[in-house]
Amino acid sequence: MRKQIILAVACLLCLGSGWAQSKKQTNMGAPHGETDFVVNWKRYYNYDEWTQIMKDLQKKYPNLCSIESIGKSRMGRDQYVLTITAKNTGKDTEKPAVWVDGAIHGNEVNGITCSLYLAWYLLTRYDYDERVYEALNRSTVYILPGLNVDANDSYVRYPNTENNPREPFRPLDDDKDGLYDDDMTEDVDGDGELSVMYAEDPEGEYRLSKDGMRFVRIDKTDWWEGTRFRRIGNEGYDNDGDGKMAEDDLGGIDPNRNFPFDFTKVDGKSYPLSEPETRNVWMFMKDHKNILVDFNYHNIGKLIMYMMPPKATKPAQRRYNMNRTAEKPDKYAFKWDTPVDPEYAHDKAVQERIVSDGLFILKDYTPEEGHAYGETLASTYYMLGAYSYLIELWNSPTSYADTNNDGYVDDDEFARWVELDLGGDGWVKPHQVEHPQLGKIWIGGTSKKHIGRTPPGRYIEDEAARQCMFVLHCINQLPQVKFTTHTVRQVAPNLYQVEVNVTNDKIYPTASDRSVLLNRYTPDKITATLSSGTLVEPGKSEKPEEETGWFRANYIKPATAAGKEVTFRMQGQSTETFRYTIATSNPKGTTLRLSLNSANGGKDEVTIKLQ
Ligand SMILES: [Zn+2]
């Protein structure tokens, strides 16, 4: 009978930490859930399609996933966010969280795929993969695959240049004729691509290249007897009758200059959060204090852009380097050579460590400091205290096509890549077209849409899979605070001291330095209950000693004198020691029960007997 009760209790405890992982897969050559919900990752999806995938994922994994609209775009499209966490281990808002959004710039739609892939990876693998299981049991991931939904949908659905549409659909009079967005680019030859128009002209400055693939400028010293061409401009019609083609395209202001921190009229136009798309995101993030980390996907350039604290204003502190063992060279190790004030030292260290790990995971990426001027990542760090990263995906085909290793892809290298890697598909070959306004013209000589800024379909999954591992690493490094070891010693007759260690093995603290300075965090708390005797409340003299010598500063963190309740902020990869002083004449019968409650680092409990 007793055995049965113990078993039942053990089972309940199991459930408390998540559903049992029913399909755990340790064979690396076997499926890990990807066949349970099949998605084709070799293509792009329009708004209806990608939001349908989100809804279907939610239906398939209701215990792990919720879907909600955080608001509507200017054109009335819902901005759907997936909230992913194991629901039976606690509410999403009561766990530390990572926010991921993609494609704030309408044309940067590989950010949609990367975000969507992350959601799919986490949900399909939960039952199979121990790391994902652990991640979703104790943390939350909020995913908004396409932020700039109107422009995102247009970019995927219609013929576009690789750069357009980029902004939210706020009408803007680019050509100052009093009419808004009234001369857009259009697909004149109906091939599904937007290229460039040329006209034959004896005075023209261009000719066709030898292979007939490009229009090349004729050098002034060149003797050229063949056909000459004049460049007209982007493919389209003169809809406003001003003699210019496609010069007042869709969209208005840069959404990534529309956030409140360090907003400028020059870059942001209008006013902070003037766009519904950015305002909805900001309100959601502001209301979710559990978001400790955020990612924004952009293109291009293969960059990890990170937000750092402000540069030091105080004289640099004297530093002691106690690490005497020679470090192994690490080509991915990242150090930010800018001193910061001591109250920001931890944020700097955390960012250096995470960016180094990211560089390792993503391999051919470069670190770059984030900007301010109303960019998302500056606002989320400086105003919300979240560790922020902007990922510039893809870098045209440099990694694939650069044959002479000069870091640049010239026309010949590009043509070879299109021919050999892409089987010839990727280029709009110059061809003659009858234009209703211009008569006989030529169109072509450019790459197709999904080639320079967004990868061709066949490359999507490679990129998404690596990005997914970087975010998963950050999820796994969200804080986890636990009691570890403790000691009890008698310091005088009837007087005992208990020292207990609290550890966070993860890289992220329970709140960033910035959050502490903003006072936008819930302090970690330990509450003590004593079965008998008296807990000596710490007096002024029992405050932690000043960190004096180098040895103490580097090796021994002084214990913090604690009483019934002590509050603190737990740093990443650190241990804090708390000292309890107990007066009792009955040590045998005295126990000290400590409850740890960290809003972002979880809960723990320990019961300590004095003897
Ligand atoms: Zn961008």
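The values are calculated or read from the model by the stated rules, or taken from the named source; none is laboratory data. Please read these numbers as outputs of a predicted model, since none were measured by experiment. Cβ: placed from backbone, ideal geometry, glycine included. Neighbour counts: every protein chain shown.
Within the stretch 386-412, the set of residues being polar (S, T, N, Q), assigned to a loop (DSSP other than H, G, I, E, B) and either within 15 Å of the ligand (Cβ to nearest atom) or within 30 Å of residue 517 (Cβ to Cβ) (or both) comprises 396 only.
State whether one or more residues within the stretch 95-102 are in contact (Cβ under 8 Å) with a residue 40 or more places away in the chain, part of a helix (DSSP H, G or I) and surrounded by fewer than 24 Cβ atoms within 10 Å (Cβ to Cβ). No, the stretch 95-102 contains no residue that is in contact (Cβ under 8 Å) with a residue 40 or more places away in the chain, part of a helix (DSSP H, G or I) and surrounded by fewer than 24 Cβ atoms within 10 Å (Cβ to Cβ). Residue-level analysis places residue 164 among those that are crowded, with 21+ Cβ neighbours inside 10 Å and either in the same structural domain as residue 427 (by TED's automatic domain parsing) or modelled with pLDDT under 95 (or both). Just one of the listed residues (280, 234) is farther than 30 Å from residue 438 by Cα and either surrounded by 14 or more Cβ atoms within 10 Å (Cβ to Cβ) or β-branched (Val, Ile, Thr) (or both), namely 280. Could you please let me know if residue 418 is outside the structural domain of residue 246 (by TED's automatic domain parsing), in contact with a Ser or Thr (Cβ under 8 Å, 6 or more places away or on another chain) and either β-branched (Val, Ile, Thr) or modelled with pLDDT under 95 (or both)? Against the criterion (outside the structural domain of residue 246 (by TED's automatic domain parsing), in contact with a Ser or Thr (Cβ under 8 Å, 6 or more places away or on another chain) and either β-branched (Val, Ile, Thr) or modelled with pLDDT under 95 (or both)), residue 418 qualifies.
Counting only strands (runs of 3 or more DSSP E) wholly contained in the stretch 432-540, the ones carrying 3 or more residues that are at pLDDT 95 or above and among the β-branched types (Val, Ile, Thr) occupy 481-492, 495-504, 524-530.
Here's the yes/no breakdown for (1) part of a loop (DSSP other than H, G, I, E, B); (2) within 16 Å of the ligand (Cβ to nearest atom); (3) of a type in the set (D, E, K, R); (4) surrounded by fewer than 20 Cβ atoms within 10 Å (Cβ to Cβ):
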| residue | (1), (2), (3), (4) |
| --- | --- |
| 31 | yes, no, no, yes |
| 35 | yes, no, no, yes |
| 40 | yes, no, no, yes |
| 52 | no, no, no, yes |
| 55 | no, no, yes, yes |
| 71 | no, no, no, yes |
| 75 | yes, no, no, yes |
| 79 | no, no, no, no |
| 106 | yes, yes, no, no |
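Of the residues contained in the stretch 124-143, none is found to be outside any loop (DSSP other than H, G, I, E, B), assigned by TED's automatic domain parsing to the domain that holds residue 36, within 16 Å of the ligand (Cβ to nearest atom) and at pLDDT 95 or above. Screening the stretch 366-392 for residues that are β-branched (Val, Ile, Thr) and buried (at least 20 other Cβ atoms within 10 Å of the Cβ) and picking the one that is farthest from residue 272 (Cα to Cα) gives 391. Against the conditions (1) crowded, with 24+ Cβ neighbours inside 10 Å; (2) away from the ligand (no atom under 16 Å from the Cβ), residue 86 satisfies every one except (1).
Taking the criterion of being surrounded by 13 or more Cβ atoms within 10 Å (Cβ to Cβ), at positive phi and without any contact (Cβ under 8 Å) to a residue 60 or more places away in the chain, the only residue of the stretch 420-450 that qualifies is 426. Is it true that residue 212 is in a loop (DSSP other than H, G, I, E, B) and away from the ligand (no atom under 16 Å from the Cβ)? So residue 212 fits the description; yes. What are the residues in the stretch 340-359 that are out of contact with any helix residue (DSSP H, G or I) (no Cβ under 9 Å at 6 or more places or on another chain) and either in a loop (DSSP other than H, G, I, E, B) or of a type outside the set (S, T, N, Q) (or both), if any? Correct list: 341, 342, 349, 352, 353, 355, 359.
Within the stretch 239-283, the set of residues being more than 16 Å from the ligand (Cβ to nearest atom), among the hydrophobic types (A, V, I, L, M, F, W, C) and under 27 Å from the mean Cα position of the chain (by Cα) comprises 261, 263, 266, 273, 282, 283. Against the conditions (1) away from the ligand (no atom under 16 Å from the Cβ); (2) of a type outside the set (Val, Ile, Thr); (3) crowded, with 18+ Cβ neighbours inside 10 Å; (4) outside any helix (DSSP H, G or I), residue 220 satisfies every one except (3).
Residue count for the stretch 557-585 under the criterion of being modelled with pLDDT of 95 or more, under 35 Å from the mean Cα position of the chain (by Cα), part of a loop (DSSP other than H, G, I, E, B) and surrounded by fewer than 18 Cβ atoms within 10 Å (Cβ to Cβ): the result is 1. Restricting 177, 181 to residues that are more than 16 Å from the ligand (Cβ to nearest atom), surrounded by fewer than 16 Cβ atoms within 10 Å (Cβ to Cβ) and farther than 26 Å from residue 284 by Cβ narrows the list to 177. Within the stretch 288-312, the residues that satisfy the criterion of being of a type in the set (A, V, I, L, M) and either away from the ligand (no atom under 16 Å from the Cβ) or not assigned by TED's automatic domain parsing to the domain that holds residue 466 (or both) are 291, 292, 293, 308, 312. When residues in the stretch 79-134 are screened for being under 16 Å from the mean Cα position of the chain (by Cα) and farther than 25 Å from residue 43 by Cβ, 5 of them pass.
Residues in the stretch 237-261 that are at pLDDT 95 or above and surrounded by fewer than 21 Cβ atoms within 10 Å (Cβ to Cβ): 260, 261.
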